[in-house]
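Report on one structure; see the data block that follows.
Only the coordinates and a few stated rules stand behind these numbers; no lab work does. The structure presented is a predicted model; accordingly, all values stated were derived computationally and were not measured. Here the Cβ positions follow ideal geometry from the backbone for every residue, glycine too, while neighbour counts run over all protein chains shown.
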């Protein structure tokens, strides 16, 4: 636990640095957004002029630089901001996290950011600052606003009561402290309206709670205006006072949360870009800071622009028809495509394409998406293309922004249809395979080997239907974060198999949702698959706590592909979830993930 302790620290001569070294290909993530934030490669990092927490600053600073962002470090004055750590250095701080270690942290840093953590960064030193917050005109030159914690950040709350900060020739007047608080408030609102994330760590996590929405007011602590997070929830520095502070401004304190991305209160206007743009984190451990940094980077690197989100998205569902309740056993592969493995009563009938269509045609309160859905039943005699002519199939596919592959049996799955799907992705298209889409008795092997890199083989197949948790192991990714609000939960032991590289590892808790659904017990990645964020890699999105350890990290994943290496890449996404009709309902959080995936895949 951090105490309010002052430390004698040394000065390091490190100016605000632009990272010029090229990233290893393994960690180059294509930004699919096309937004203003995507075109700006500079981030504003704010630290307290006095009593800034070193691990929160340093881990965030180096993580952003490792991903080729330039970082401007700003404070209330120019010079050296005084930093501290209660434990003395980053090694001891990382080792003080229960159940984790410094070795865990350095492994996490390498996996998340593609760079080795340097031992020279461990010693606590003062932080060089060459930019005053008060002098920043706007957020035009920045992709994100991030704030490190430390007790000094508490002085920058917009609370109507301001005092001088520091002492002697380093003292900042109360008027300047107030100017810092108010400028941060305005910069943050500008940022989130523009679709640029705002991160606040540990003690700084209360700063967004004290950001005020212009033109609003209420009783008591709200007299200066509604909190930007009024009616929302989030983590923060773990002490008793935090909950009371949040409650006074109608914000719920999540004591066990590690990192959470939230949306502003509805009274803030012009917020089409603001959903899940305010990120707060719980503590000062390097492991948590790395998790928060990756969350911000995921938002920057995966969020589509407002125009992509709001324009109509044409969706093609390739399927095998509605469930034939009168004859839906596994032996019927000509007039039924989705088998009824658990009976034909309403509660046990599986999802078919009609339920996915209903989900997409529904109006979600958590997004602004509009889908125009077309279905093609491969089991029917009348198709809008010649199934044995690859170009005929491809010409038809190219009419759509995204394709859902939802065919269970191999029946009528021609080589030409599969090759057309591969060509569609290679030319910039996106394909989602849902649940049984990767069940393979041999007739989907091109899709498996050339696109998805995973399958549930018909040989040795079995399934379990149970209630289990799915954990957001790439928090911040548009698919698994946008419009969502999971409950923070401790994961199972993920030592066998270990969490794949590129997952956004939390060393404490993850956001999770509970599902009652079918799990294929032999779902597996193909040999030779590599994990990461580069073209060709697989990026795991979700994990689960199912009894079969081999299934824990095949729950959902994304992949970008440029098969002919012409510089144009398409995308694929797979969800193992999707057999139970309830999980594809507009009211279920998985239903939101499914909708999100189509916007991310949109060509």
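What the table shows:
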{"quantity": "CD proxy at 222 nm, helix term only [per DSSP H run n ≥ 4: -39500 (n - 2.57); per residue of the chain; nearest 500]", "calculated": "-6500 deg cm²/dmol"}
{"quantity": "Helix axis angle, 286-302 relative to the chain longest principal axis, alpha carbon, degrees", "calculated": "60"}
{"quantity": "Inter-site label distance for residue 363 and residue 42 at 7 Å from Cα along Cβ, in nm", "calculated": "4.3"}
{"quantity": "Base-10 log of normalised Debye intensity for segment 430-540 (one unit scatterer per alpha-carbon) at q = 0.14, 0.15, 0.19 Å⁻¹", "calculated": "-0.69, -0.80, -1.28"}
{"quantity": "Separation between Cα centres of segment 44-106 and segment 113-167, rounded to whole Å", "calculated": "10"}
{"quantity": "Tensor-based shape of segment 10-306 (alpha-carbon gyration tensor, a/c under 1.5 rounded, otherwise prolate or oblate)", "calculated": "rounded"}
{"quantity": "Value of D in µm² per second that Stokes-Einstein yields for segment 453-503, Kirkwood Rh from Cα pairs, at 25 °C (0.890 mPa s)", "calculated": "174"}
{"quantity": "Convex hull volume per residue for segment 560-603, taking Cα atoms only, in Å³", "calculated": "71"}
{"quantity": "Antiparallel bridges, percent of DSSP beta bridges restricted to the chain (to nearest 5)", "calculated": "45"}
{"quantity": "Equivalent ellipsoid semi-axes, the chain, via Cα gyration tensor eigenvalues times 5, rooted, Å", "calculated": "46, 23, 22"}
{"quantity": "Inter-label distance, nm, simple model (7 Å from Cα along the C-beta direction), residue 95/residue 345", "calculated": "5.9"}
{"quantity": "Estimated Rh, segment 309-379: Kirkwood, alpha-carbon pairs, angstrom", "calculated": "13.6"}
{"quantity": "Added length on full extension, which subtracts the Cα-Cα distance from 0.36 nm per residue, residue 334 to residue 521", "calculated": "64.8 nm"}
{"quantity": "Normalised per residue, the volume of the convex hull around the Cα set of segment 374-421 (Å³)", "calculated": "75"}
{"quantity": "Highest average packing first - 594-603, 339-348, 63-72, Cβ atoms within 10 Å", "calculated": "594-603, 63-72, 339-348"}
{"quantity": "The chain: relative contact order as a whole-number percent, Cα under 8 Å and 6+ apart", "calculated": "12"}
{"quantity": "Mean Cβ neighbour count within 10 Å, used as a protection proxy, ranking 362-374, 423-435 highest first", "calculated": "423-435, 362-374"}
{"quantity": "Antiparallel bridges, percent of DSSP beta bridges restricted to segment 510-574 (to nearest 5)", "calculated": "90"}
{"quantity": "Euclidean distance between Cα centres, segment 540-603 to segment 369-403, Å", "calculated": "21"}
{"quantity": "Förster-model FRET efficiency, 60 Å R0, residue 311 and residue 169, C-beta, rounded to 0.05", "calculated": "0.60"}
{"quantity": "DSSP-defined beta bridges in segment 311-601 - what % are antiparallel, rounded to 5", "calculated": "60"}
{"quantity": "Acute angle (nearest 10 degrees) that the helix 589-601 long axis makes with the longest principal axis of the chain, alpha-carbon atoms", "calculated": "90"}
{"quantity": "Relative contact order for segment 10-306, counting Cα pairs under 8 Å that sit 6 or more residues apart, in percent", "calculated": "22"}
{"quantity": "Rg over Rh, two decimals, segment 56-103 (C-alpha only, Kirkwood Rh)", "calculated": "1.05"}
{"quantity": "Angle between the chain longest axis and helix 54-66 axis [Cα atoms, degrees, rounded to 10]", "calculated": "50"}
{"quantity": "Stokes-Einstein diffusion coefficient of segment 311-601, Kirkwood radius over Cα pairs, 20 °C, 1.002 mPa s, in µm²/s", "calculated": "112"}
{"quantity": "At 1.002 mPa s and 20 °C, Stokes diffusion of segment 397-441 via Kirkwood alpha-carbon radius, µm² per second", "calculated": "194"}
{"quantity": "Ranked by how many other beta carbons lie within 10 Å on average, peptides 305-311, 574-580, 184-190 from highest", "calculated": "574-580, 184-190, 305-311"}
